[in-house]
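Please read the structure below before turning to the comments.
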Amino acid sequence: MSKIVATSVIRGAKQIFKEAETFLNKAIKEKGPEQKISFPETAFYLPMANALLGVKVETLKEALPILEHAKSLLPLDPSEKVWLPYLGDALNAGMSTLFCEEIIMALRYLYAQEPQKDCIGFFSDTIMRSLGIQLVDGRMAGFAAILGAAPDNKIAVEIVRGFQQRNILVFVGSSSNGRSIIDQLIEENVQMGWDNYIVPYGRDTLSGIYPLNWAIRSALTFGGIKPGQAEKCLLYTKERVFAFGLTLGPLDDLKYATGAGAINMGFPIIADTDIPEIKPSGITTYEALVKELDYKKIVQRCIEVRGVKVKVASVAIPVAYAAAFEGERVRKEQLHVEFGGKASAAFEFLSTNKENEVEDGKVEIIGPDVDALPAGAKSLPLAIIVDVYGRKMQRDFEPILERQVHRFVNYAMGLMHVGQRDMNWIRISKDAFAKGFRLKHIGVILHAMLHQEYSAIVDKIQVKLYTKAEDVDKLLGAAKKVFDERDSRIAGMTDESIDTYYSCLLCQSFAPNHVCVVTPERLGLCGAYSWLDAKASFEITPTGPNQPIPKGATLDAKLGQWENVNEFVRQKSNKSIDKVSMYSLMDSPQSSCGCFECILAIIPEVNGVMIVHRDFSGMTPCGMSFTTLAGSVGGGVQTPGFLGVGKLYIISKKFISAEGGLKRLVWMPKELKELLGDKLKKRCEEIGEPDLLERIADETVATTTDELSAYLEKVKHPVASLEPLM
Amino acid sequence: MSKIEEKSIDLATQEALQKAQDENIKTTWDRLDCQQPQCGFGQLGSCCTVCNMGPCRIDPFGEGAQVGVCGANVDTIAARNLARKVAVGASAHSDHGRDVAHTLALLAQEGEHKHASGTHTHNYTIVDTEKFHKLAKEFGINPENKSKEEIAKELSKKLLEEFGKQEGELAFCQRAPQKRQQLWRKLGLTPRGIDREVVELLHTTTMGVDNDYKNILNTAMRCALSDGWGGSMIATEVQDIILGSPQPIRGKVNLGVLKENYVNIVVHGHEPVLSEMAVKAANDPELVKLAKSYGAEGINLVGICCTANEVLMRHGVPVAGNFLQQELAIVTGAVEVMLVDVQCIMPALHEVSNCFHTKLITTSSKARFPGVMHIDFTIDNAYETAKAIIKAGVENFPNRDKQRVSIPKHEMDLVAGFTKEVVFNILGGQYRSTYQPLNDAIVSGRLRGLAGVVGCNNPKQTHDLFHTVLVKELIKNDVLVLQTGCSAIACAKQGLLIPEAAKLYAGKGLQEICEAVGIPPVLHLGACVDNSRILTAASHVIAQGGLGEDLSDIPAAGCAPEWMSEKAITIGLYFVASGVYTIFGASPFAVLGSKNLTNYLTNEIEGVVGGCFAFSDDPLEMARLMIAHIDKKRQALKLKPAMY
């Protein structure tokens, strides 16, 4: 920390403290000390204060001690001569700033001043959890928080695209000289939002706390760190959250102070102006504060300074290609051509072929290409037929590889892909077409990416693209037969029919003690890994996160406990978990990393369990919303009565079978019912309760235990006949 | 040495020396001249006065006697002479530690007494509660739900037991890295009880006991370790607890801190327990008023030697000078009282003070002068004693001969107050307190390594020259320098202990670190008893990771370039026994008469304990040797070379 920087930081921290103090006093005066304050959809109160101080601020009055603590962290300004050490002081001032900014933002919510126009505002817990899996599997390499504005719109777009191409999520906000990068991107029609990896947080520097109090929650959610374990939380973000700050335009005291807060979390700051650098490392992994005046190099410099491990796919197509473009939409006005959806017949199909019938890298177009559309036409039929060959390829892997078509096609900038099999829908934008994107490039993408990610099982790949209606119809008939075969094969697969399960330790980079055990009838809690996925992943990377677990002697068939599974979990959970039941909610249930799709929770009053999925933000009968519930489940600890699960587990025969299975389920959100639809209905029929679905309450009939209890009685829910849970 | 410029590089010292010469006052330099030529046998360590069959001396040219009357050869004689000095040095620091631990014990009793009578008769309390509780836990005492008196009672008992323990290991040895502890155990070097090691060492050196110079050295190392990881460490820890743990603080240094219109009180010696009270008493409104009534503007308390370092570290009290300036402070004619405690107090002070109105006042029953005013200091009369002494100074002010007052105008700013605990916070703040930036700096090569430059002054060398030339050369080569004692004062006077010094003197890598943290390139860790802070800081470096598993792995070296005291030998030996390469300047130890012992100390012993001695009388050569050693350690750790 140079003295100039330290002085600015301390000055800025004092200014921010003053603002927080004034604002809080005003709020107390106007609304009273008991007035509630909170951020939307979080179980972590004021997250920075909760994580670092272990306090739960719910009212204005309760924010006062935080402010007092922030004040105690404010040091004297460094003297002009014979100064005393200022690095620790400046870091303390940075911490003070984090606490104060958070208070200011919470107060702004109270006064309905947040979120700002076009901005996301506070990042909810749900967002954090849903991004969890992308973080650990490398799709999201890191996070850039941009503060300020680029010298011109073109540079702003170039920088943001540079990060996107490297799969770095970009938070944009703050301003310099009255201009914000948010408006620069809006003016350039850049699509923003979580799906696009570009997230506007707010136009002032204080709102820069949003990415930071989002990052700190990951330590609690995934790291299993208890609120109040400040140093552990900060070391967690340093070591596991690859975030950094990029300031565009002149740095003022507020940015310096916020930056010092970020440095405490291990996040370095890169500036585009001539500032004094702080090269020594230790608080951050590499340099703490550096400058890069060349905009061509600035993205690369950021990556180096934070040590972000970027995996960039090299695909020879005329548009940018990265996971960050996965969520981009191609809207009607941008549309050049589309396939499938409501526009035409289309499907995609991947199958294994004989070695001599697959010519690696061959891409054939049978029918007109997208530059030869009939006049006025905006769509074509399309069959994407992928033939693969590999010595280690298995029939079971075909659907897994086929499912990747969605992701791989979406990664191309200007392309949109929705659905799978014969339910797909692909759009190519005018921009992509203008840059030279043609149908063959879909083949190029699939060839390159299947090789890149599945080279361990696939040796040769060829792609045929049919665009004539008669070809597509003919091929679809054959494909459908295979789709049905695949479905019935998977449906017949049970935990008893195989002798090896798979582990998933992917999330241990975030949740060091968490172990997922994936069985045919219980997929990973993130919903992303089925038993087959895990098996394929093991074939691809034998030393990777998915390891086979020969289940060994059965210890308890009802609970779902096996000797080797227990031993494996014990070892890999760093001896923190001794035994795990695959089919029980109450007795040694599995732990959770934090990226679960749904949470199961016991409702003792009705002797049943409820389930709530991540996207449901309302209240549930157990008195907690998803986010609050989630706070008690993650971090690799076993919590009997609470369990993180994947959505599809609900329709498994092994769904908490130790506690009576589906009959135990008394409440679930309407949306989740609809999502599982026919499959859930079928499952109800199988257990001899064809109208169970209607008897399971949802938010339209019950959001409290009393309401729930009354409803269950009214509809005669079968839970009444089950033995007591506790 | 005749020219004043050859006696000291320090301008204030030169001016004061000139005044002494002009007024025909003899100083240490004059007495050194009178001693020439000094005894050659003494210098070589080949003279034995152990028994009454002697004195014996061994002919260095191999022509005359090669063994003493008893048959002891020069290896045995030199080793025994060295060992006895080690025992004395260890005794000095450890006895200091005992007194401080005893103060803690009295504090506990006082507490009980207070509870009974409701009165309060002494002035010490627990100042650093956090450290107090931490230390209690280290000794297996749970501080929960206990009064501070109860904890102090248990803790002081445990601490005092460290002195009298007969078996087991000194508790603080556990602060060393595991690997070092194992090595000590393997070699039988782990000290058992502080007093036991001193006594045993003295026993082995008496007539007809240990004749194996290597074995004598082993016993001496165990004794030295009982000082560094025992007595000294207890002194430092308990002083921090009852007087306050230092924090980075500004101060001023050199004779210029004496003020012409003030009552000047100089505290001198090593034990800060009384001088702490003197600092308070000097601000006593009653005394200040009295001083003003005598025409003074106020009371100016300053320090000399390590008592100065102690009150500087805790209160920013100005430092008038280091060891060789003690007489010169009086020579300014502006000192009303010089209050002395123990260690490094020249007997000559009595005579010099007699040349002026200055009152020399002794305060320790262990350190008295015939004919000198003695006010016995005990902890239950601490403040009153201090007040009486300051009052004597104030009342002496009218006796000052203003015609004879000449205070050199030289003074320099400095920043002190760096401890092993402070490092955590200055590097990482409250939330990320850590040594990581320091380790990272060494690993990355921004810092080449660490050096401890410590020790005394010695008139045989140009005063302060060795300290400053060596330290400047080290920081120029990106070595961060840690200092204690008179060495720190020497460098402070030359402006090396201000943060601005980094830009002027440090290499680019060290500059970057200093700029990042806001520290001087040379860090002042306290008095010579606080060399224990260097040991624990080094252990933290190892614990932080990335720089090996043992203290001897760290790219670091030590040096006492102008040493004179037996304490310095003990310190040197506990550093070597802890794995540190250590250079001694001035003249080497009195061991050169024994080639075997010299070779063992400077060469063979490195293979045993990982550290060894080197002797040099050229500060630039010292720097070269230290840097070469640091680079050797960097290579062994497979670190990149220094960055710049």
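The values are calculated or read from the model by the stated rules, or taken from the named source; none is laboratory data. Since the structure is predicted, the reported quantities are computational estimates derived from the model, not experimental observations. Note that each Cβ is placed from the backbone with ideal geometry, even for glycine, and that neighbours are counted across all protein chains shown.
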Would you mention how many residues in segment A:270-288 are farther than 22 Å from B:Asn425 by Cβ, within 33 Å of the chain's Cα centre (by Cα) and within 14 Å of chain B (Cβ to nearest Cβ)?
1
Residue, farthest from A:Gly361 (Cα to Cα), within segment A:302-314, restricted to residues that are surrounded by fewer than 19 Cβ atoms within 10 Å (Cβ to Cβ) and away from chain B (no Cβ under 14 Å):
A:Glu304
Looking for something polar (S, T, N, Q), touching a Pro at 6+ places or on another chain (Cβ under 9 Å) and away from chain B (no Cβ under 14 Å) - is there at least one such residue anywhere in segment A:134-150?
no
Have a look at A:Lys354, A:Lys291, A:Lys297 and point out the one that is away from every other protein chain (no Cβ under 14 Å) and more than 30 Å from A:Ser8 (Cα to Cα).
A:Lys354
Could you tell me which of the residues A:Gly644, A:Gly636 is on the phi > 0 side of the Ramachandran plot and in contact (Cβ under 8 Å) with a residue 60 or more places away in the chain?
A:Gly636
Output for segment A:73-102, where each listed residue is more than 9 Å from chain B (Cβ to nearest Cβ) and part of a helix (DSSP H, G or I)
A:Ser96, A:Thr97, A:Leu98, A:Phe99, A:Cys100, A:Glu101, A:Glu102
Is it the case that segment A:394-411 has a residue that's touching a helix residue (DSSP H, G or I) at 6+ places or on another chain (Cβ under 6 Å), surrounded by 17 or more Cβ atoms within 10 Å (Cβ to Cβ), among the aromatic types (Phe, Trp, Tyr) and at pLDDT below 90?
yes
Scan of segment A:677-725 for residues that are charged (D, E, K, R), in contact with a Gly (Cβ under 9 Å, 6 or more places away or on another chain) and under 25 Å from A:Asp587 (Cα atoms), ordered by number
A:Glu723
Quick one: in segment A:542-563, of everything that is surrounded by 15 or more Cβ atoms within 10 Å (Cβ to Cβ) and polar (S, T, N, Q), which residue is nearest to A:Tyr529 (Cα to Cα)?
A:Asn546
Scan B:Leu592, B:Leu525, B:Leu535 and give me the residue that is surrounded by fewer than 20 Cβ atoms within 10 Å (Cβ to Cβ) and either in contact with a Lys or Arg (Cβ under 7 Å, 6 or more places away or on another chain) or away from chain A (no Cβ under 14 Å) (or both).
B:Leu592
Might you check whether a residue that is surrounded by fewer than 17 Cβ atoms within 10 Å (Cβ to Cβ), away from every other protein chain (no Cβ under 14 Å) and in a helix (DSSP H, G or I) occurs anywhere in segment A:33-48?
no
Please work out which residue is nearest to A:Thr97 (Cα to Cα), limiting yourself to segment B:431-442 and to residues that are facing another protein chain (nearest Cβ under 10 Å) and touching a residue at least 40 places away in the same chain (Cβ under 8 Å).
B:Thr434
More than 32 Å from the chain's Cα centre (by Cα) and either within 23 Å of A:Lys474 (Cβ to Cβ) or not in a helix (DSSP H, G or I) (or both), is that true of A:Gly327?
no
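So that you can scan it fast, the table gives a plain yes or no per residue for (1) under 16 Å from the mean Cα position of the chain (by Cα); (2) in a strand (DSSP E or B):
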position: B:Ala502; (1), (2): no, no
position: B:Asn531; (1), (2): yes, no
position: B:Ile534; (1), (2): yes, no
position: B:Gly546; (1), (2): no, no
position: B:Cys559; (1), (2): yes, yes
Does segment B:563-570 contain at least one residue that is among the charged types (D, E, K, R), crowded, with 24+ Cβ neighbours inside 10 Å and out of contact with any strand residue (DSSP E or B) (no Cβ under 6 Å at 6 or more places or on another chain)?
yes
Selected residue (criterion: surrounded by the fewest Cβ atoms within 10 Å (Cβ to Cβ)) from residues of segment B:618-644 that are of a type in the set (A, V, I, L, M) and more than 16 Å from B:Cys559 (Cα to Cα):
B:Ala636
Step by step: first the residues of segment B:258-272, then only those that are surrounded by fewer than 24 Cβ atoms within 10 Å (Cβ to Cβ) and touching a residue at least 40 places away in the same chain (Cβ under 8 Å), then the one that is farthest from the chain's Cα centre (by Cα). Which residue is that?
B:Glu260
Scan B:Gly428, B:Gly417, B:Gly445 and give me the residue that is touching a strand residue (DSSP E or B) at 6+ places or on another chain (Cβ under 6 Å) and either in contact (Cβ under 8 Å) with a residue 12 or more places away in the chain or within 14 Å of chain A (Cβ to nearest Cβ) (or both).
B:Gly417
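Take A:Gly623 and tell me if it is surrounded by 21 or more Cβ atoms within 10 Å (Cβ to Cβ), part of a loop (DSSP other than H, G, I, E, B), modelled with pLDDT under 95 and not aromatic (Phe, Trp, Tyr).
No: the conditions fail for A:Gly623.
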Scope segment A:1-20; condition away from chain B (no Cβ under 14 Å), surrounded by fewer than 19 Cβ atoms within 10 Å (Cβ to Cβ) and in contact (Cβ under 8 Å) with a residue 60 or more places away in the chain; matching residues
A:Arg11, A:Gln15, A:Glu19
Can you spot a residue in segment A:378-398 that is over 31 Å from the mean Cα position of the chain (by Cα), under 16 Å from A:Leu335 (Cα atoms) and free of Cβ contacts under 8 Å to residues at least 60 places away in the same chain?
yes
Please indicate, with yes or no, whether at least one residue in segment A:315-322 is touching a helix residue (DSSP H, G or I) at 6+ places or on another chain (Cβ under 8 Å), under 24 Å from A:Val458 (Cβ atoms) and either surrounded by fewer than 16 Cβ atoms within 10 Å (Cβ to Cβ) or free of Cβ contacts under 8 Å to residues at least 24 places away in the same chain (or both).
yes
What single numbered condition from (1) surrounded by fewer than 16 Cβ atoms within 10 Å (Cβ to Cβ); (2) within 14 Å of chain A (Cβ to nearest Cβ) fails to hold for B:Gly371?
(2)
Let me spell it out: the conditions are (1) under 30 Å from B:Leu159 (Cα atoms); (2) outside the structural domain of B:Asn211 (by TED's automatic domain parsing), and B:Pro55 meets all of them except one. Which number is the exception?
(1)
Among the residues in segment A:686-705, are any crowded, with 21+ Cβ neighbours inside 10 Å and hydroxyl-bearing (Ser, Thr, Tyr)?
no
Select from segment A:355-371 the residues that are at pLDDT 90 or above and farther than 18 Å from A:Leu446 by Cβ and write down the one among them that is surrounded by the most Cβ atoms within 10 Å (Cβ to Cβ).
A:Pro368
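Inspect all residues belonging to segment B:392-413 and state whether any of them is in a strand (DSSP E or B) and within 14 Å of chain A (Cβ to nearest Cβ).
So far as segment B:392-413 goes, yes, one or more of its residues are in a strand (DSSP E or B) and within 14 Å of chain A (Cβ to nearest Cβ).
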Tell me, yes or no, whether segment B:557-577 has at least one residue that is in contact with a Cys (Cβ under 6 Å, 6 or more places away or on another chain) and of a type in the set (Ser, Thr, Tyr).
yes
